[in-house]
Amino acid sequence: MRNEAPKNIWNLNLFKGKVCFITGGSGTICSKQAEELVKLGCSVSIIGRNEQKVLETVKRLTLLSGESTTIEEKIKVIGIPNIDVRDPSSLHKAVSTTVDKLGRIDFVIAGAAGNFISDFNHMSTNAFKSVVDIDLLGTFNTVKACYDQLVLNKGSVIFVSATLHYYGVPFQCHVGAAKAGVDALCRSLAVELGTVGIRVNAIAPGAIDGTEGFARLAVGDGKTGGKSPIERFTEKIPLQRLGSVMDIANATIFLFSDAASYITGTVMIVDGGFWHMGNFNSYPLYPDVLKNRLLEKKKPLKPKI
Ligand SMILES: NC(=O)c1ccc[n+]([C@@H]2O[C@H](COP(=O)([O-])OP(=O)(O)OC[C@H]3O[C@@H](n4cnc5c(N)ncnc54)[C@H](OP(=O)(O)O)[C@@H]3O)[C@@H](O)[C@H]2O)c1
């Protein structure tokens, strides 16, 4: 079994001439989505609030776009800071700037999200509302602002969702509620916008290594049975590794590519099978005992005559 996400499996000119508008594009997961799109010839517009983060991402991706010498067309990377997805008018301005500078928008990634850990008792109405406003309303606002371009170019949209709402994850009721709405929006928009040639899908990442979101949840006091909290967590993931930002980038490339031209309204879960575990939590039965049994050599069965 692979212990890391596959790299370099796509045709380098796959997205030549295409343009992607990415909210949250300077964040950990979405900047990797942007990076991998750039490597395949796609120009990108990085949208965020924090100017420094946006400019740093643009700088890094611009260097990368210059390195992609096998792609015949010039790839452009622009950044538009000080954009809050809760504010439709600022998003409209970002779309205009993108179209002015890059000529078009074919793909949209709605990845901007707010997150923090809080139990219900300590969560204010405003805190809950702000996550729903960024994750859900911000996703709606993003598609709305890009709509004309999506119609014109028969575009494709990816929402970045989560799996937290498939069961009741503690300290995450705000994100779970918001992402449940994101999934519902994905399905409704897929059905509506499919009629004018626009595909709408979502990616639901599981526990992604190297992100602040995962680091905040996977905490614990020291080692249990010689294993750290992260090792313990990883053992419960059927594919026995944490997700990587590359896993999410690969799903993104697939969903934007023509290979997915008949796929819309899907929430693609990229979590190593984790959510299927439900509440089964029985170490060492899973995974140690199970693994031993699965790999045990059995005597061949004698045919019954
Ligand atoms: N990390 C995980 O393991 C995990 C698991 C499941 C789902 N996800 C989802 O994956 C996506 C990316 O997560 P991540 O871990 O990469 O998070 P991240 O690094 O914190 O990135 C989130 C981005 O959203 C932007 N953002 C936040 N509020 C905004 C607003 N009001 N307007 C515009 N931009 C805003 C932030 O930029 P500014 O600071 O510049 O505003 C930031 O760059 C999110 O949708 C998250 O819910 C993550």
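The values are calculated or read from the model by the stated rules, or taken from the named source; none is laboratory data. Bear in mind the structure is a predicted one, so any value in this text is a computation, not a measurement. We place every Cβ from the backbone using ideal geometry, glycine too, and count neighbours over all the protein chains shown.
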Filter region 1-57 down to residues that are basic (Lys, Arg) and more than 16 Å from the ligand (Cβ to nearest atom) and give me whichever is farthest from GLU73 (Cα to Cα). ARG2
Answer yes if at least one residue in region 32-49 is touching a residue at least 60 places away in the same chain (Cβ under 8 Å) and among the polar types (S, T, N, Q), and no otherwise. yes
Filter region 268-283 for residues that are outside any helix (DSSP H, G or I) and more than 29 Å from LEU14 (Cβ to Cβ); which is modelled with the highest pLDDT? GLY278
Of all residues in region 131-150, which are under 13 Å from LEU189 (Cβ atoms), out of contact with any strand residue (DSSP E or B) (no Cβ under 8 Å at 6 or more places or on another chain) and away from the ligand (no atom under 12 Å from the Cβ)? PHE140, LYS144, TYR147
Checklist (1) within 25 Å of CYS186 (Cβ to Cβ); (2) within 12 Å of the ligand (Cβ to nearest atom); (3) touching a Leu at 6+ places or on another chain (Cβ under 8 Å) applied to PHE107, failing item: (2)
Of GLY114, GLY181, GLY176, the only residue that is farther than 20 Å from ALA251 by Cα, within 12 Å of the ligand (Cβ to nearest atom) and in a helix (DSSP H, G or I) is GLY176
Index of the failed condition, GLY265 passing every other in (1) modelled with pLDDT of 95 or more; (2) within 16 Å of the ligand (Cβ to nearest atom); (3) surrounded by 15 or more Cβ atoms within 10 Å (Cβ to Cβ); (4) not charged (D, E, K, R): (2)
As an exercise: evaluate GLY168 against (1) surrounded by 24 or more Cβ atoms within 10 Å (Cβ to Cβ); (2) closer than 21 Å to GLY273 by Cβ; (3) more than 14 Å from the ligand (Cβ to nearest atom) and give the number of the one condition it does not meet. (1)
Taking the residues in region 144-185 that are closer than 24 Å to MET123 by Cβ and out of contact with any helix residue (DSSP H, G or I) (no Cβ under 8 Å at 6 or more places or on another chain) as candidates, determine which candidate is modelled with the lowest pLDDT. PRO170
Give the residues of region 68-127 that are of a type in the set (Phe, Trp, Tyr) and either without any contact (Cβ under 8 Å) to a residue 60 or more places away in the chain or buried (at least 19 other Cβ atoms within 10 Å of the Cβ) (or both), sorted by residue number. PHE107, PHE120
If SER161 satisfies every condition in (1) among the small types (Gly, Ala, Ser); (2) near the ligand (Cβ under 10 Å from one of its atoms); (3) in contact with a Gly (Cβ under 7 Å, 6 or more places away or on another chain) but one, which is the exception? (3)
